[in-house]
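Comments concern the structure below.
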Amino acid sequence: MQTETYLRVNVVSGLAGAGKTSVAHNLGRQPFALTTSASDVLRTVLIEAADSVPTGRGEASALDVFVEAPTAVGPLEIASSLVETGDSPERLANGHAVRLGDLITVLDAERFWSDLHRETLAPTPDEHDVNYGHAHNDPERTVGDLLIEQIEWASIVVINKTDLVPMSDSADIRDFVRLLNPASHIVFAEHGQGSADGWPVPRRDMFAWLQRSPGWVRQLNGDALLSRSPQGLTCVVYRDVRPFHPARLADFFRDRAEQAGEILRSRGLFRLATRPATVGSWSSAGPTITFEPTSMASHDPESPLGQEIAFFGRDLDARLLSANLDDCLLTDAEFLAGPMFWNTLADPFPAWVLQGAA
């Protein structure tokens with residue numbers, strides 16, 4: 001019986017200067033630069049690698065190739081494009097199927113914490129670069145936002161340049177990665193060189209698995225693996241059924257957000273009383289925070305009743321943080337007054353443009 005041969009595409013992401021190319025080279029691979037559409041790159045890769053595609057008898061066999069992602073493109077967009085290409089009924093060049101392999105994120109240990117706190121806008125692709133969807137249409141996405149996405153959407157995280165920082169700093173970054181993405185396999189490296197021994201075989205259902213991997217998802221589902229690191233990194237989950245009073249929430253960010261410790265990342269779902277029909281998406285990375293509408297309506301059975309947010313940070317005081325957020329909620333009397341009253345409340349946040357709205 002003829003063996004099925006397929007191309008397993010592993011994506012290497014990281015900020016500029018982190019060492020993406022060095023990591024791929026030290027794995028014994030020449031990475032392909034992703035500067036055109038995903039399908040065009042995959043066809044090119046298959047043609048160039050055709051002579052190396054294994055054939056034979058028995059179980060399916062894979063040819064692993066590595067694609068180096070542009071700094072401006074997040075791994076989520078690339079993974080989505082590769083899955084769509086691989087699942088298409090049309091086979092690529094030489095008739096081989098495509099599967100998503102590992103999403104490998106390379107971190108610069110020396111610059112990690114400063115990159116996380118950078119409010120500089122993330123780079124955008126040149127006109128000739130591939131357009132991978134919504135991330136490029138967000139003019140407010142920062143370097144910190146991109147860095148968090150690269151960690152949360154990774155099956156392998158390589159902490160590179162560990163020779164430039166104390167061992168305790170590398171361990172601190174490792175513990176933060178474990179909070180943000182408990183399912184990832186973490187490797188320490190110097191000059192892009194780290195042991196590839198023991199790397200797990202890429203999962204067959206990699207894309208679906210990655211969607212369940214982010215630490216905030218696991219924290220909200222109650223199946224997180226790490227609650228607190230030796231150096232004080234921890235997660236606090238906040239829940240309440242009442243919606244936020246927008247003006248009080250704005251005051252929280254202006255005056256009290258740092259009272260309970262350093263919030264490095266927060267993610268979840270929330271409700272503003274002045275926008276009762278829509279569930280909001282709450283996301284912060286370093287010093288920046290973004291509120292966006294989701295496609296979930298308030299009456300959706302899958303929607304949370306109120307607030308459901310995971311806060312990741314250093315030396316967080318869970319009681320103080322929860323108390324400060326409680327102060328941002330509607331009071332019992334305001335809650336009982338109902339949506340007609342809620343619409344009269346001050347709302348300093350930018351208006352949401354709902355998908356499909358004229």
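The values are calculated or read from the model by the stated rules, or taken from the named source; none is laboratory data. Source: prediction; values computed, not measured. Don't worry about glycine lacking a Cβ; one is built from the backbone with ideal geometry, like all the others, and counts go over all protein chains shown. We work out accessible area using only protein heavy atoms, side chains counted, and drop any ligands, DNA or RNA first. Shrake-Rupley method; radii C 1.70, N 1.55, O 1.52, S 1.80 Å.
Before moving on, here are some points about what is shown:
- The residues in region 78-117 that are modelled with pLDDT of 90 or more, assigned to a helix (DSSP H, G or I) and among the polar types (S, T, N, Q) can be counted, and the count is 1.
- Number of positions in region 278-303 that are free of Cβ contacts under 8 Å to residues at least 24 places away in the same chain and in contact with a Leu (Cβ under 9 Å, 6 or more places away or on another chain): 2
- Identity of the residue in region 176-200, farther than 17 Å from TRP153 by Cα and modelled with pLDDT of 85 or more, that ends up surrounded by the most Cβ atoms within 10 Å (Cβ to Cβ): ALA189
- Any hit, region 217-229, residues being among the hydrophobic types (A, V, I, L, M, F, W, C), over 29 Å from GLU119 (Cβ atoms) and either touching a Lys or Arg at 6+ places or on another chain (Cβ under 7 Å) or open to solvent by 40 Å² or more (accessible area, probe 1.4 Å) (or both): yes
- Count of region 157-172 residues which are open to solvent by less than 20 Å² (accessible area, probe 1.4 Å) and not in a helix (DSSP H, G or I): 4
- Residue among LEU305, LEU320, LEU329 that is within 21 Å of VAL237 (Cβ to Cβ) and at pLDDT below 95: LEU305
- Members of region 300-358 found to be more than 23 Å from SER283 (Cβ to Cβ) and among the charged types (D, E, K, R), listed by number: ARG319, ASP332, GLU334
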